[in-house]
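The values are calculated or read from the model by the stated rules, or taken from the named source; none is laboratory data. Please read these numbers as outputs of a predicted model, since none were measured by experiment. Note: ideal-geometry Cβ built from the backbone for every residue, glycine included; neighbour counts use all protein chains shown. Quick note on the areas: whole protein, heavy atoms, side chains included, nothing else; ligands and nucleic acids left out. Shrake-Rupley method; radii C 1.70, N 1.55, O 1.52, S 1.80 Å.
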Amino acid sequence: MTTQDALTDVPGLRVGHAQRTGDQREGWLTGTTVVLAPEDGAVAGVDSRGGAPGTRETDALDPRNVVERIHAVVLTGGSAFGLDSAGGVVSWLEEQGRGVPVGPDPAQVVPVVPAAVLFDLGRGGAWRARPDAGLGREAVEAAAATEPGAPVAQGNFGAGTGAVVGGLKGGTGTASTVLPSGITVGAVTAVNAAGSAFDPATGVLYGRLWDGLPPVPDESTHTAALRRLTEAREETGRRAAGVLSPPLNTTLAVVATDAVLTRAQAQKMAGTAHDGLARAVRPVHLMHDGDTVFSLSTGERPLADGELNDVLAAAADVLTRAVVKAVLAAEGVDGPGGVFPSYRDLYG
């Protein structure tokens, strides 16, 4: 089976990005990512572990509550202001007749669209440059326009457009795996953390430590990289002086599977996926992070005895790899809001 090593390898899921950068309008560096569920929705869970989460409709995902399926998930920049983008997704879904039926008319539906935000305000230079309902609609329309199993753009796209990790340019990344049983598990993430993605002693990405023995940059390259990163942080501090203090962040992710999960099992998968984030970013889940992971189950493949643990472990593994791919795909930014070199800028 051909795969894209992406969340979209989970049958029925589509991903769309929309972003605004300085090339389009002065001061912009932000975006929105939408994970669109199948028309009949998906079982979902969520786990927020950062100290400063910004979310919408996450209470609906509690297994004790009434909502059985959700229709899309929104990951977005803009901090709390960015939650407006979910409104554009809800409006589009209503127009398509997709949502929870609440009346005799088939058009009487209420779409359920959980959302979470990361902090990228001012990263492009303009404080008020933030996602709105129009950008959310653009992202969900982009998702709907993709073919099943389409590749997912990585790096400076969608919610990762204005993302930064430990002074490095962060971004959007995705990964997937197929278990021996044939069950697919995938992840998409927007990496925007106060912590670092690489070991300051060696320059090796933390997430690479879990996939064998990655090449270690030579000492001169690493020394030069640390010097450049320090200079970039200092320059960013000057450009943002009086605007942002302390730095605010948040890494967001969606993990998904085609296995049949209950709502409680989906919530457990969101929790175990955080282990994958903790492998790739250190420190993580800080008071100025709002780290949030959503989980989705499209329910196409029954679970055999003992397979749930395999799915839970795979969710953590693919999230680790998605973080690595996000950092490697990101492109450096030098603009009014700061200097954010990419990992590739520093290490090649």
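Quick notes on this structure:
- Among residues of the stretch 160-208, those that are aliphatic (A, V, I, L, M), under 16 Å from Phe340 (Cβ atoms) and assigned to a strand (DSSP E or B), counted: 6
- Residue among Arg228, Arg137 that is in a helix (DSSP H, G or I), out of contact with any Gly (no Cβ under 9 Å at 6 or more places or on another chain) and either over 28 Å from His274 (Cα atoms) or of a type outside the set (Asp, Glu) (or both): Arg228
- Any hit, the stretch 117-133, residues being among the aromatic types (Phe, Trp, Tyr), modelled with pLDDT under 95 and under 24 Å from Gly51 (Cβ atoms): yes
- Flag if Ala153 is of a type in the set (Gly, Ala, Ser), more than 15 Å from the chain's Cα centre (by Cα) and at pLDDT 95 or above: no
- Only listed residue being in contact (Cβ under 8 Å) with a residue 40 or more places away in the chain and of a type outside the set (S, T, N, Q), chosen from Ala86, Ala107, Ala80: Ala86
- Residue under evaluation Pro53, criteria (1) within 21 Å of Leu13 (Cα to Cα); (2) open to solvent by 30 Å² or more (accessible area, probe 1.4 Å), criterion not met: (1)
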